[in-house]
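Encoded as structure tokens, the structure appears first; notes follow it.
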Amino acid sequence: YIDEETQLQLAKHPYLLCRKHLAENPSITDRTVETLLAGRAISVKHNLISANRLDDRPDIIEEIYFGSGTRFKESWRVGTVFLRGGWYGSSPNTPLSVLNDIYDKIIEPEAIATEASSAWACSHWGRHLASHPNVDSKLAVKLSLSKIENTRKAAFDAIVRIRQEEVKAASA
């Protein structure tokens, strides 16, 4: 536990690693989150997302994603921040527009690539994308057409989950 005044001082500290670690702290206050969001460091904002601190604000998640430069849209970074979440957290509340962009600009192009490293990235992050709770049926169908088996299986599982949720909502 760190009191709010100390959190706010750390959030304003110029040392980037300090702010990045603070953003991963599950006990930071809303004022501290706002202070970290007001800063310029995209990596700090990514840590807030992966720590599920912005789950109630998907509009901010969307703004951060589309405001990030290409350096911050490498498959491993996008996967750990927007699809899987932090080490111990759950998937962040990434909006569907971001998930579609991840598919269109990262997963699909890597599926076409022939390099082994790209195939691994597509396989690994494609599975996480298909398993994301905010995936809709249209994106799940696109993912189900993948040539990579574990991505395809996760997409079919997503289609089943989505259909079960639709049936449950219709019967309620």
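The values are calculated or read from the model by the stated rules, or taken from the named source; none is laboratory data. Remember, predicted model here, so these are calculated numbers, not experimental data. No Cβ is skipped: glycine too gets one built from the backbone with ideal geometry, and neighbour counts run over all protein chains shown. For accessibility, only protein heavy atoms count, side chains too; no ligands or nucleic acids. Shrake-Rupley method; radii C 1.70, N 1.55, O 1.52, S 1.80 Å.
Observations, loosely collected:
- Counting only residues that are without any contact (Cβ under 8 Å) to a residue 12 or more places away in the chain and in contact with a Leu (Cβ under 7 Å, 6 or more places away or on another chain), the stretch 19-32 holds 0 of them.
- Which numbered condition TYR65 misses (of (1) farther than 18 Å from LEU139 by Cα; (2) in contact with a Lys or Arg (Cβ under 7 Å, 6 or more places away or on another chain); (3) open to solvent by less than 30 Å² (accessible area, probe 1.4 Å)): (2)
- Candidates LEU16, LEU8, LEU37: the one that is closer than 22 Å to LEU96 by Cα and in contact (Cβ under 8 Å) with a residue 12 or more places away in the chain is LEU37.
- Scanning the stretch 12-27 for residues that are more than 12 Å from ASN47 (Cβ to Cβ) and open to solvent by less than 70 Å² (accessible area, probe 1.4 Å) yields a single hit, SER27.
- Meets criteria (of a type outside the set (S, T, N, Q), closer than 18 Å to SER91 by Cα and buried (at least 17 other Cβ atoms within 10 Å of the Cβ)) for ILE49: yes
- Listed by position, the helices (runs of 4 or more DSSP H) inside the stretch 1-90 whose residues that are more than 20 Å from the chain's Cα centre (by Cα) number at least 3 are 4-11, 16-23, 30-38.
- Among the residues of the stretch 120-148, those identified as without any contact (Cβ under 8 Å) to a residue 24 or more places away in the chain and either open to solvent by 60 Å² or more (accessible area, probe 1.4 Å) or not in a helix (DSSP H, G or I) (or both) are TRP120, LYS138, VAL141, LEU145.
- Failed condition for ASN100, given (1) in a helix (DSSP H, G or I); (2) free of Cβ contacts under 8 Å to residues at least 24 places away in the same chain; (3) not basic (Lys, Arg): (2)
- Checked against the criterion of being exposed (fewer than 14 other Cβ atoms within 10 Å of the Cβ), closer than 23 Å to PRO133 by Cα and of a type outside the set (Ser, Thr, Tyr), the candidates ASP30, ASP3, ASP101, ASP56 yield just one match: ASP56.
- Residues satisfying the criterion are present in the stretch 111-130 (criterion: of a type in the set (A, V, I, L, M) and at pLDDT 85 or above).
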